[in-house]
Amino acid sequence: WQERMTPYFLQAGVFLVEAAFGFYLLAVLLRFLFQLLRADFYNPVAQFLVVLTNPPLLPLRRVIPGLFGIDLASVVLLAALKLAELYLIGWMKDFTPAFVGAALVGLAQLLRLTIYVYIVAILARVILSWVNPHGSRGNPAMDLLWSLTEPMLRRARRLLPAIGGLDLSPIGVFIALELTLILVVQPLHDLGYVWMLAR
């Protein structure tokens, strides 16, 4: 009975590890993106992310300075957390991932997470624009949503002008993001996975 139940406990353990790391990785990634895009950090949602991510980030910033407006401490923390997650799951499954493979898989998964953040954010903005066509600026969450998505949508509008008053930029961005997942992220993940399992 114990042998039959072991795979289920392992699956549950892996799920809990992925959920815990996934939540914190998302928080660090959002803070990095908001800082990169100069979002309002006095926003209550942004302040929540600051409080949540400050404990590991503040010590890192003492030894890892920013570069050209990029918070390298956040990048290092994202990489370290993702590698820790992969090695912990590997330990739970009784194997040690090869470092180069784990690094590639980690990079692919972080890129995938970033793309999913943008897909969800743009979709939320589109839905909110249907509910309130006049905009919801002034709402803390909507302000951050705008800061996150507007730079990408603005570039898309230059290539896809509105037709009949219909803004096609979200569709163009969705297509570009999906193609990036298919042509860049998935091949990188598959290559890294093969190397990660190499003995």
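The values are calculated or read from the model by the stated rules, or taken from the named source; none is laboratory data. Not measured: the values here are computed from a predicted model. FYI the Cβ positions are ideal-geometry reconstructions off the backbone, even for glycines, and counts take in every protein chain you see. Accessible surface is based on the protein model in full, side chains and every heavy atom, while ligands, DNA and RNA are left aside. Shrake-Rupley method; radii C 1.70, N 1.55, O 1.52, S 1.80 Å.
No other residue among VAL45, VAL17, VAL28 is touching a residue at least 40 places away in the same chain (Cβ under 8 Å), touching a Ser or Thr at 6+ places or on another chain (Cβ under 8 Å) and β-branched (Val, Ile, Thr) apart from VAL28.
Of all the listed residues (LEU10, LEU33, LEU60), the sole one being open to solvent by less than 50 Å² (accessible area, probe 1.4 Å) and over 27 Å from VAL184 (Cβ atoms) is LEU60. Residues considered: TYR116, TYR87. Of these, the only one that is open to solvent by 50 Å² or more (accessible area, probe 1.4 Å), part of a helix (DSSP H, G or I), under 22 Å from LEU30 (Cα atoms) and hydroxyl-bearing (Ser, Thr, Tyr) is TYR116. Exactly one residue out of LEU104, LEU77, LEU153, LEU144 is crowded, with 17+ Cβ neighbours inside 10 Å, within 17 Å of the chain's Cα centre (by Cα) and under 30 Å from ASP167 (Cβ atoms): that is LEU144. Taking every residue in segment 180-197 that is more than 9 Å from LEU111 (Cβ to Cβ) and pairing it with any residue that is open to solvent by 60 Å² or more (accessible area, probe 1.4 Å) and of a type in the set (A, V, I, L, M), at least 6 positions away or on another chain, the pairs with Cβ-Cβ distances below 7 Å are TRP195/VAL100. Here PHE23 passes the criteria (1) of a type outside the set (Gly, Ala, Ser); (2) open to solvent by 80 Å² or more (accessible area, probe 1.4 Å); (3) over 14 Å from the mean Cα position of the chain (by Cα) except the one numbered (3).
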